[in-house]
1. Quick check: net charge around Pro147, other residues with Cβ under 10 Å of its Cβ, Lys/Arg +1 and Asp/Glu -1?
2. Past 21 Å, Cα to Cα: identify those pairs from Lys12/Lys156; Lys126/Lys156; Lys11/Lys156, in the order given.
3. Please find the FRET efficiency linking Gln122 to Lys156, where r is the Cβ-Cβ separation and R0 is fixed at 25 Å, and quote it to the nearest 0.05.
4. Tally Lys/Arg at +1 and Asp/Glu at -1 over every other residue whose Cβ is under 10 Å from the Cβ of Pro118; what's the total?
5. Explain nothing, just compute: Karplus ³J(HN,Hα) = 6.51 cos²θ - 1.76 cosθ + 1.60, θ = phi - 60°, for every residue of segment 143-158 in order, whole Hz, x for Gly and Pro.
6. Which aspartates and glutamates does Lys123 reach when only Cα atoms under 17 Å apart count, and residues fewer than 8 places away in its own chain are ignored?
7. Can you tell me the equivalent ellipsoid semi-axes for segment 112-200? Use √(5λ) from the Cα gyration tensor, largest first, whole Å.
Amino acid sequence: MRTERCPWCGKKINPKVDRVKTPRTTVGSRFTDFGRCPHCNRFYGQGFSVDRLAVCLVLVILGLILLCMLSPKLAYCAVFPIAVLNFVWIRTRPIRRMDERENLIPLETPILTATVRPAPSQKIRKNTLYFFSDDFDAYDSFQTVSPIFIRSVNRKSGEITFSFLYEQPLNRAYVEREGDASYPIFDFEMQLTAEITQIRA
């Protein structure tokens, strides 16, 4: 069963189970995930509109035309791999915040910087959620410290930029603590992934 994390509250979601239709359900959303989180009741999706799918289709057609000009046989052979790659690309797009009209909603919490010390054989990944406690799922939505969304990773310097997923009074304790306090962070399955320190605005 494919599960993800809600881009609003951080709880586990199942896009196949949560799928909904709206008056503005697009052709794009029929091929991608658009649903409502059962925990916080907010919409999420992959943000693929008809316009974006049209752009993909145009690019594929132009690519095939170019291949036909170079080698018709090569164009015939390329149709299936190109179709598969496009399908995989669409299906693996990340889950993002959306409203009921399938418009993308940006994450607007402040961007912070920190130094990271990955655990052995672990890597911090961009565009991924991490958690400050391994009992996050024991709390109701928005009732404990927010997960963090990794915006960028500099593997040479060990610095990351991130944002809290939502505002919560407990978040301040991690930002306002002085000194070089370090905090463990956990991945999707609540496995220890790294420690971060020197959190700063």
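Read-outs: derived from the displayed coordinates by stated rules, not from any lab. These numbers come from a predicted model, not from an experiment. Cβ placement follows ideal geometry from the backbone for every residue including glycine, while neighbour counts extend to all protein chains displayed.
1. Numbers: positive: Arg5, Lys11; negative: none.
Here the charged neighbours net out to +2.
2. From Lys12/Lys156; Lys126/Lys156; Lys11/Lys156, over 21 Å: Lys12/Lys156; Lys11/Lys156.
3. Working: r = 17 Å, r/R0 = 0.69.
Result of the calculation: an efficiency of 0.90.
4. Working: positive: Arg117, Lys123, Arg155; negative: Glu195.
Once positives and negatives cancel, what remains is +2.
5. 9, 9, 3, 5, x, 10, 9, 6, 8, 8, 9, 10, 6, 6, 8, x
6. Hits, sequence-local ones excluded: Glu159, Asp187, Glu189, Glu195.
7. Working from the Cα gyration tensor, I get semi-axes of 19, 15, 12 Å.
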